[in-house]
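Okay, structure first, notes after.
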């Protein structure tokens, strides 16, 4: 089953909301580690990262499609050849496991 579509927002109390054109519904709550006072300053950043998750996953998928299309060309005269050779493998190595983790594969 796929995740709840975004955009997501996070309220100050940690409630995660999914918003569509017709409704706004709570889909979860971030509790954090309130007992550890030294980490309280991290909570707003954790909240923002969680709320951005659908958009980040979508961006990763777009880049992966781009990489798949770049993979087809091996012509050394192609202006993108140098970029492809240098960045294709590391980008794919970072994106594929992240997408798989987000999709629970």
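In the stretch 76-93, how many residues are surrounded by fewer than 14 Cβ atoms within 10 Å (Cβ to Cβ) and under 19 Å from residue 60 (Cβ atoms)?
Total satisfying the criteria: 5.
Pick out the one residue from 97, 54 that is exposed (fewer than 12 other Cβ atoms within 10 Å of the Cβ) and modelled with pLDDT of 80 or more.
97
The values are calculated or read from the model by the stated rules, or taken from the named source; none is laboratory data. Given the structure is predicted, the values throughout are model-derived calculations rather than measurements. Every residue, glycine among them, receives a Cβ derived from its backbone with ideal geometry; neighbour counts consider all protein chains shown.
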